[in-house]
Amino acid sequence: MLLSEMDLRSLLPKLKCLRNENRFVRTTPYRGVGGLVLSEFEREVLPGSVSQEIREAREAVPREVGSAARKRRKEIDMTSKKPWSHDSPFLLGSAAVQLYRRMMLAPWRTCDGDENEQAIHYGLSYTQGPDGQDGEIPVIPDFLKALAERVAENKHVQMPANYIQCHRMGPDAQVQAHHDPTGMIVPTVTLGQERTFRVGGTYDDSIRKTDRTAECHIPEEEYLMKAGDLLTFIGNRTAHSMDFASKDPNFNANGYDYRISILFRWTTRVMREMGPVRKNWSRWQVEQHEDEYRAVQEKWIREHQAQGVLF
Ligand SMILES: O=C(O)CCC(=O)C(=O)O
Ligand SMILES: [Fe+2]
């Protein structure tokens, strides 16, 4: 399939609308035809080759640099809403029950000798190295692929996943205050026990992450994550934590032994090669990473918009 400039231009209103609603977090300026990013990587991820006119237009559009880019970033930040959203309910009650049962059959592995928490890493984790996370399972099972597709379609997500990270926590597990990787859209579906999840605000980051409790975090908002809820946030812009169940007045065992969370992420090649910590990346790698992330997102939107027209 050859994408014409017309095709790309017709997508702009939708892209702009998503950007205004802060479903894109950009750390580099837009460039390319009419503000649409056209990167080298795009050639690999787009369904077909980019047309000659677009290639020429891309070369003709100079890249924004320095203060122009900063100004643009500032404008985006000022118009943006909170970088998180809570969809409740996201799954029907019966679907949440079935999914919990199915997840209980999955090959959970204990994390760092802590019996209160187990994990599974499906797909491409962003732990540095060719094999990724210990015990990573490269093939995402079909039932989770189907769920990932539903999650991606949520209006706050609009991004596919190549890494599905699952946590299973007993009441004595907590989430220590932290941020997730820069620019990453992180949707999470929770199942089983219901616990309060705390987002936004600040924490004392002079305390090492391993010593940081949920108590260090003064959140801006708290949500009781019910079975089947979806929480979506932007990694670097949303501090998050969860306290022990014993300290959570809204804790609801809900007839289950665990809280299960399923997180849908996109790991770029740079993240896989270098790990998620940006200060270890070169400027070129930052650019490669952002080009890939955006191209994947834009491809997804383009394809889903096309579907919307057809069906
Ligand atoms: O289990 C959760 O809801 C969140 C876990 C988390 O913050 C993470 O894996 O980065
Ligand atoms: Fe996190």
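The values are calculated or read from the model by the stated rules, or taken from the named source; none is laboratory data. Note that this is a predicted model, so its numbers are computed, not measured. FYI the Cβ positions are ideal-geometry reconstructions off the backbone, even for glycines, and counts take in every protein chain you see.
For the range 224-238, does any single residue satisfy the condition of being in contact with a helix residue (DSSP H, G or I) (Cβ under 6 Å, 6 or more places away or on another chain), within 13 Å of ligand 1 (Cβ to nearest atom), at pLDDT 95 or above and not in a loop (DSSP other than H, G, I, E, B)? No; the residues of the range 224-238 include none that is in contact with a helix residue (DSSP H, G or I) (Cβ under 6 Å, 6 or more places away or on another chain), within 13 Å of ligand 1 (Cβ to nearest atom), at pLDDT 95 or above and not in a loop (DSSP other than H, G, I, E, B).
Answer yes or no as to whether Trp300 is free of Cβ contacts under 8 Å to residues at least 60 places away in the same chain, crowded, with 18+ Cβ neighbours inside 10 Å and not assigned by TED's automatic domain parsing to the domain that holds Pro187.
no
Within the range 239-249, being within 30 Å of Pro160 (Cβ to Cβ) and part of a loop (DSSP other than H, G, I, E, B) holds for one residue alone: Ala239.
Residue count for the range 145-165 satisfying the condition of being surrounded by fewer than 19 Cβ atoms within 10 Å (Cβ to Cβ) and within 13 Å of ligand 2 (Cβ to nearest atom): 0.
Whether any residue in the range 188-207 is under 16 Å from Trp266 (Cα atoms), assigned by TED's automatic domain parsing to the domain that holds Asp142 and within 13 Å of ligand 2 (Cβ to nearest atom) is what I want to check. Walk me through how you get there before you give the answer.
In the first step, residues of the range 188-207 are kept if they are under 16 Å from Trp266 (Cα atoms); the result is 188-189.
Keeping just the survivors that are assigned by TED's automatic domain parsing to the domain that holds Asp142 gives 188-189.
Then keep just the ones that are within 13 Å of ligand 2 (Cβ to nearest atom); that gives 188.
Yes, some residue in the range 188-207 is under 16 Å from Trp266 (Cα atoms), assigned by TED's automatic domain parsing to the domain that holds Asp142 and within 13 Å of ligand 2 (Cβ to nearest atom).
For the residues Asp172, Asp180, Asp204, the requirement of being of a type in the set (D, E, K, R) and within 17 Å of the chain's Cα centre (by Cα) singles out Asp180.
Considering only residues of the range 170-212 that are buried (at least 20 other Cβ atoms within 10 Å of the Cβ), among the charged types (D, E, K, R) and more than 10 Å from ligand 1 (Cβ to nearest atom), which is farthest from Lys226 (Cα to Cα)? So the residue we want is Arg198. Summed over the range 250-273, residues that are touching a residue at least 40 places away in the same chain (Cβ under 8 Å), outside any strand (DSSP E or B) and either more than 30 Å from Gln285 (Cβ to Cβ) or within 13 Å of ligand 2 (Cβ to nearest atom) (or both) total 7. A single member of Met184, Met271 is under 19 Å from His121 (Cβ atoms) and not assigned by TED's automatic domain parsing to the domain that holds Ala95, and it is Met271.
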